[in-house]
Amino acid sequence: MHGPAMPGWLLVALCAASGAYCLLRARSCTGDERRSAGGEAVMGFGMAAMAVPAAVVPPPPWAWAGYAAVFGAAALWALHGLWAARARASHGDTHHLHHLVGSLAMVYMALTMAPGAAGGHAHQAGAGGVPLVTGALLVYFVVFVLRTGARLVPVAAAATPGGASLTWGARPELALACRVSMAVAMVAMLLTV
């Protein structure tokens with residue numbers, strides 16, 4: 001990632017911690033929730049790898065193509081999940097759509113950060129000099145952070161059947177906090193494009 005080293009390392013830590021929590025969540029969930037947690041873990045670890053400051057640890061020339069391929073595969077997986085959710089008439093398709101947008105945003109960033117791709121911004125710049133795709137993605141993720149973050153504020157303790165306590169992986173507020181933190185990291189990464 002282009003930019004100062006300290007914020008880059010903080011993004012690496014945030015994304016890696018989110019990815020690790022999503023792996024923990026995948027162990028305690030089943031079905032569609034487990035697949036979703038696995039996709040979020042891939043996204044978190046992929047974002048952590050991509051956020052490593054290039055000034056400190058320069059990525060090999062092929063790394064950007066590798067990131068684009070990994071996140072392209074994640075986008076196809078999210079598209080498959082979106083299609084399956086719509087076929088079942090499930091209301092989880094907005095979450096699959098968010099995964100699709102996030103994966104495509106990472107493909108976009110990998111392609112624009114690749115060596116030799118810096119001149120591509122001049123052709124798609126909006127009135128303020130910000131590329132239109134980058135601006136649209138920034139608006140999407142800022143709105144996502146605000147909407148999802150607002151749902152976190154008044155979270156009441158969820159009653160569990162039989163008085164059983166929830167495991168760390170099954171806590172809905174932690175899953176939301178994980179999604180918010182990855183969306184905040186996405187905003188930070190988009191600002192460096």
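The values are calculated or read from the model by the stated rules, or taken from the named source; none is laboratory data. Because the structure is predicted, anything quoted here is derived from the model rather than measured. When we count neighbours, we look across all protein chains shown, and the Cβ atoms used for this are built from the backbone with ideal geometry, even at glycine.
Within the set of pairs 6 or more residues apart or between chains, which connect a residue that is closer than 19 Å to residue 26 by Cβ and without any contact (Cβ under 8 Å) to a residue 60 or more places away in the chain inside segment 174-189 to a residue that is among the acidic types (Asp, Glu) and surrounded by 20 or more Cβ atoms within 10 Å (Cβ to Cβ) with Cβ atoms less than 9 Å apart?
none
What are the pairs with Cβ atoms under 7 angstrom where one residue, in segment 55-79, is surrounded by fewer than 17 Cβ atoms within 10 Å (Cβ to Cβ) and the other, located anywhere, is modelled with pLDDT under 90 and part of a helix (DSSP H, G or I)? Sequence gap at least six, or different chains.
Qualifying pairs under 7 Å: 55/5; 56/5.
If you check residue 112 against the conditions, is it under 24 Å from residue 32 (Cα atoms), β-branched (Val, Ile, Thr) and modelled with pLDDT of 85 or more?
Answer is no for this residue.
Answer with yes or no whether residue 180 is closer than 22 Å to residue 49 by Cβ, surrounded by 16 or more Cβ atoms within 10 Å (Cβ to Cβ) and modelled with pLDDT under 90.
It is false that residue 180 is closer than 22 Å to residue 49 by Cβ, surrounded by 16 or more Cβ atoms within 10 Å (Cβ to Cβ) and modelled with pLDDT under 90.
Looking only at segment 34-64, how many residues end up being assigned to a helix (DSSP H, G or I) and in contact with a helix residue (DSSP H, G or I) (Cβ under 8 Å, 6 or more places away or on another chain)?
Residues meeting the conditions: 19.
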